[in-house]
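These notes concern the structure reproduced below.
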Amino acid sequence: MTKVTLNVNGETRTASVPPEMTLLRLLREEFGLTGAKLGCDVGDCGACTVIVDGKTVNSCLMLAPQADGRDVLTVEGLATMERLHPIQKAFEEKGSLQCGFCGPGVIMSAKALLDENPDPSVLEIRDALAGNLCRCTGYSKMIEAIQDVARGDNRQPVGESA
Amino acid sequence: MEKKPAAVVEREARVETRDVVEMLRAPAAAPLVPLPLEVLVPEARQQTPAVRQRATRPDCRLHGLGQTKYIDDMYLPGMLYAKIKRAGIASARILSVDTKEAEAMPGVVAVITGRDVPVNSFGPSLKDQPVLADERVFHAGDGVAAVAAVTEQIAAEAIEKIKVEYEPIRPVLDPFESLKLETPGLHAPNPNIYGHKVIKKGDVAKGFAESYRIFEGSYRTQMVEHVPLEPHASIATWDPNGRLTIYSTLGRITLGRADISRTLGVPMSRIRIIATIVGGNFGGKNEITTEPVVALLAKKSGRPVKCTFTRPEEFASSTTRHPLVMDYKTGVSREGRILARQIRLVLDGGAYCSWSETTLGKACILSAGPYQIDNLYAEAFVVYTNKTMTGAMRGFGAPQVCFAYESQMDDIATALNIDPLEIRMLNALKEGSLSPTSQKLHSVVVRETLLQAAQRFGWNGNGARS
Amino acid sequence: MRAFDVFTAKDSRHAVALLAEHAATSKVKVLAGGTDLLADLKFASASHAPDVVVDISRIEDLRSIAVTGDGLSIGALVTHTEIMRSPLIRDMFPAMVNAAHTIGAVQTRNLGTLGGNLVTAVPSVDSGPTLVALDALVTVLGPAGRRQMPLAEFFVGPRKTALKPDELLLEILIPTTSLGKPTCFLKFGLRKGQALALVNVAASFWVDRARNAFVAPRIALGAVAPKVVHASTAEAYLEGRAIAPEAMVEAGRLAVGDAKPISDFRASAEYRRDLVAVLTRRALEGAYELAKAKQSEK
């Protein structure tokens, strides 16, 4: 067993895991954070996307010990008790999520994109989402929602606007 | 049996592997997850104007927060994980299944084979599919045994320890070979052709005789997997009164309950199915897959059992879209009006019937296309092959035949030097037209739709855009 | 995934020591970005699975991108994303940026490394053709010390390299003679994102300005042979020849003869041969456009 200590959504967490455990399983099975999904387990579908040290990764392709000492942000770390994250709000308003299974991964990819590039073109959004498959094929509404957030249509928090 | 009780083995394994610091850690608790609650309550009987309104979904918020619980996100106390051993051979007789070594593995709690299934057959129409193959393997994705263990990893290693002896039988992979009478029955006593439909209207011989030209073409489509992002999954748990609860990704729970009841030999009144939010169905989650397996393993082990398909299993062991071979013969007038059409469809049904009958019917009825054809003969067959079974998928055969009739329409337009839009406008169904099965059609707007579409994307005739 | 032990290397010497220690007695795999290795191990058979994984992903001395006296040195652990964002590489070799951009998707490019991509050595390796066309060298470290070889020779066959079990790929070196050489990489896949190349091609040459002729032309073809290969016949044909559209078309035709494509479920050999001809010509055109742009800059 290997002891790993990492910062998850702003909180230091520790677990003792078999060395072959992936970051995805660590998050889901040890920490109870089931937002990131296991879709293909080989890095194709992007349902397991989380942000590690500011960059999106397929958490199914990273071993838990590799994440030791790093900062991990999952979809559960976006909203606060008071408000949704603007991306979550825009996805809700645009009806961007259908079955929802790809949603947490897509939202994390969108978050990483907007953090780096606050005003992406449609092409840049498509490129950023290329690693997130949506079998309901609801891509258009996701792109619209991300554009909305970039334009600031959705910057105001939910709690305050209501 | 000298085996230690599962709980003891598991506890020992845990104690051995955890260090002192780990033991002192506070018991695992779900982390604080923010839930910004702004309650979404749809008003009863509220009439929502649909047209020009944006569609939003009340479950969208949970999805976006990552709080929707799909099956794989759920855990019941004491739950075990199941894996199914796949045959990996397209056609064979099973001579023996040896599970001793798997059963002896630490952490393995229960093992079952096809012989443990009370009634080993199910299906939405024909009951031709086994829960786990017992005597005969019909396709490589067939399950032959299943294991429940304390971790997924142990279960996966245990199924490798199961030894199955096969007597290979030459597989039939080509639907046309299956169609031949001399090919031995794959599912004897069922015939290889397990579904057949004919639609007749008018007199095709007369129509062809009056035709200016006759076009013949053969079109094929491939097998398509639904690939829902969420793999098939289920959890089964029994109570001491013999009542079974199954959490499942099933799309049709009432139908699924009938099949579960049949295979387990348990009355439907004792079975409760909880349909969770499904991470993509597209027709692929319309019948039971893992449910009887987890139910039997849960019964044998006395603990809840979960089984989630791996992505490879999703491709090999769930249903797919029927591949079709479609032969079209169409007679047209000098102006391009369709005078007669004769169609033969061969559906490759794969190993089991599943929703083939529905697909066969729909493909046959829709095979003429949205066109007014007075003389029509359409015939469709669905046959068994030793491939992954085919079943329901968006459109039930409609997309396949659309590919054929529209491809041929383009061929005809090119040959007669008619604009592809024109030839469709000429033949399209009208208000009050009769369908191939002689149903009088209302609200027919094929032409209006075509014209609007052509206008929207700037159709300029002859395949060019303006 | 099957159980294995993970040993984390502190630096490249430590990694080689770990490899030497375990390679003799166990099946060992090296973990860098993990995008190929872990995907393979998820469904690996018992005979294929390693007992020991040496994790080199934390090694800091294999992450630099720098121009040295020998040329442009790129550490084996530089990720595809880092290649795309390196001002140095973008300026000198936009083809490398384009090649990196065609690999996987954002998530896999953030994890996946140049070294890992080359060591995996699939015939369609997307970072291969550009580097082969630039006559890149690779440096490997083993118990006996360092050795260097051309990348074209490092590739041995499908998923096979000249790397021994106790050796580690350290860096990729683009020699000074190739620095700034106009190069174009093109890939044809069935989709834009996350696609394997049916064919990928890189073309590179200097322009003799006085005669407007090809100098040191290099054409590298991927996915059409067991490994990335030079289109030697086409290269020989172009050497010293005046730059003209017809010459590029002819080079494309000749490159087809240098390719040995197979038919598989992605494409037929015939289709791949057509792609070789077209992509080679376009890559030559692209490199020439770049050469002209560079000239006008000066």
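The values are calculated or read from the model by the stated rules, or taken from the named source; none is laboratory data. Just so you know, these numbers come straight off a predicted model, no measurement behind them. Counting neighbours? That spans all protein chains shown, and the Cβs are built from the backbone with ideal geometry, glycine included.
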**Request:** Kindly check whether there is at least one residue in the range C:63-81 that is touching a Lys or Arg at 6+ places or on another chain (Cβ under 7 Å), of a type in the set (S, T, Y) and surrounded by 14 or more Cβ atoms within 10 Å (Cβ to Cβ).
**Result:** yes
**Message:** So A:P18 passes all but one of these: (1) at the interface with another protein chain (Cβ under 8 Å from one of its Cβ atoms); (2) surrounded by 24 or more Cβ atoms within 10 Å (Cβ to Cβ); (3) more than 19 Å from C:G112 (Cα to Cα). Which condition number does it fail?
**Reply:** (2)
**Request:** Mind telling me which of the residues C:L221, C:L290 ends up being in a strand (DSSP E or B) and either modelled with pLDDT of 95 or more or not assigned by TED's automatic domain parsing to the domain that holds C:F154 (or both)?
**Result:** C:L221
**Scan of the range A:49-70 for residues that are closer than 12 Å to C:L111 by Cβ, in a helix (DSSP H, G or I) and at the interface with another protein chain (Cβ under 7 Å from one of its Cβ atoms), ordered by number** = A:L61, A:Q66
**Request:** Provide a single number: the residues in the range B:94-150 that are acidic (D, E) and closer than 22 Å to B:N286 by Cα.
**Result:** 2
**Message:** Could you go through the range A:34-42 and let me know if any residue there is of a type in the set (D, E, K, R) and under 24 Å from C:E82 (Cβ atoms).
**Reply:** no
**Message:** Cβ contacts < 8 Å: first residue farther than 21 Å from C:P94 by Cβ, restricted to the range C:198-216; second residue among the aromatic types (F, W, Y) and not in a loop (DSSP other than H, G, I, E, B), any location; separation 6+ or different chain. Result?
**Reply:** C:L198/C:F188; C:L198/C:Y271; C:D208/C:F214
**Request:** Of the numbered conditions (1) part of a strand (DSSP E or B); (2) closer than 25 Å to C:V30 by Cβ; (3) hydrophobic (A, V, I, L, M, F, W, C), C:F185 fails exactly one; give the number of that condition.
**Result:** (2)
**Request:** Can you tell me which residue among C:V97, C:V125 is closer than 20 Å to C:V228 by Cα and buried (at least 24 other Cβ atoms within 10 Å of the Cβ)?
**Result:** C:V125
**Asked** Residues that are more than 14 Å from every other protein chain (Cβ to nearest Cβ): which helices (runs of 4 or more DSSP H) entirely in the range B:214-331 hold 3 or more of them?
**Response** B:253-264, B:291-301
**Asked** Are any residues in the range A:30-61 more than 22 Å from C:L31 (Cα to Cα), surrounded by fewer than 24 Cβ atoms within 10 Å (Cβ to Cβ) and touching a strand residue (DSSP E or B) at 6+ places or on another chain (Cβ under 9 Å), and if so, which ones?
**Response** A:E30, A:F31
**Asked** Within the range C:260-273, is there a residue that is under 18 Å from the mean Cα position of the chain (by Cα) and closer than 30 Å to C:V156 by Cβ?
**Response** no
**Item:** Hey, A:T74 surrounded by fewer than 21 Cβ atoms within 10 Å (Cβ to Cβ) and either β-branched (V, I, T) or more than 9 Å from chain B (Cβ to nearest Cβ) (or both) or not
**Value:** no
**Message:** Can you pull out every residue in the range B:357-374 that is touching a strand residue (DSSP E or B) at 6+ places or on another chain (Cβ under 8 Å) and either small (G, A, S) or surrounded by fewer than 22 Cβ atoms within 10 Å (Cβ to Cβ) (or both)?
**Reply:** B:E357, B:G361, B:A363, B:I365, B:S367, B:A368, B:P370, B:Y371, B:Q372, B:D374
**Message:** What's the total number of residues in the range C:260-283 that are aliphatic (A, V, I, L, M) and without any contact (Cβ under 8 Å) to a residue 40 or more places away in the chain?
**Reply:** 4
**Request:** Using the structure shown, decide if B:S354 is small (G, A, S), part of a loop (DSSP other than H, G, I, E, B), in contact with a strand residue (DSSP E or B) (Cβ under 9 Å, 6 or more places away or on another chain) and in contact (Cβ under 8 Å) with a residue 60 or more places away in the chain.
**Result:** yes
**Message:** Can you report the number of residues in the range A:77-89 which are in a loop (DSSP other than H, G, I, E, B), of a type in the set (A, V, I, L, M, F, W, C) and either surrounded by 23 or more Cβ atoms within 10 Å (Cβ to Cβ) or touching a His at 6+ places or on another chain (Cβ under 9 Å) (or both)?
**Reply:** 3
**Request:** Name the residue, out of B:R303, B:R272, that is touching a Gly at 6+ places or on another chain (Cβ under 6 Å), surrounded by fewer than 24 Cβ atoms within 10 Å (Cβ to Cβ), modelled with pLDDT of 95 or more and basic (K, R).
**Result:** B:R303
**Asked** Within the range B:381-394, can one find any residue that is surrounded by fewer than 20 Cβ atoms within 10 Å (Cβ to Cβ), under 17 Å from the mean Cα position of the chain (by Cα) and not hydroxyl-bearing (S, T, Y)?
**Response** yes
**Asked** Is there a residue being basic (K, R) and assigned to a loop (DSSP other than H, G, I, E, B) anywhere in the range B:105-121?
**Response** no
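So that you can scan it fast, the table gives a plain yes or no per residue for (1) free of Cβ contacts under 8 Å to residues at least 24 places away in the same chain; (2) within 21 Å of C:T183 (Cβ to Cβ); (3) within 14 Å of chain A (Cβ to nearest Cβ):
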| site | (1), (2), (3) |
| --- | --- |
| C:A49 | no, no, yes |
| C:V53 | no, no, yes |
| C:I56 | no, no, yes |
| C:L62 | no, no, no |
| C:L77 | no, no, yes |
| C:A99 | no, yes, no |
| C:G104 | no, no, yes |
| C:T108 | no, no, yes |
| C:S127 | no, yes, no |
**Asked** Out of all the residues in the range B:159-182, is one or more surrounded by 15 or more Cβ atoms within 10 Å (Cβ to Cβ), closer than 30 Å to A:G100 by Cβ and within 28 Å of the chain's Cα centre (by Cα)?
**Response** no
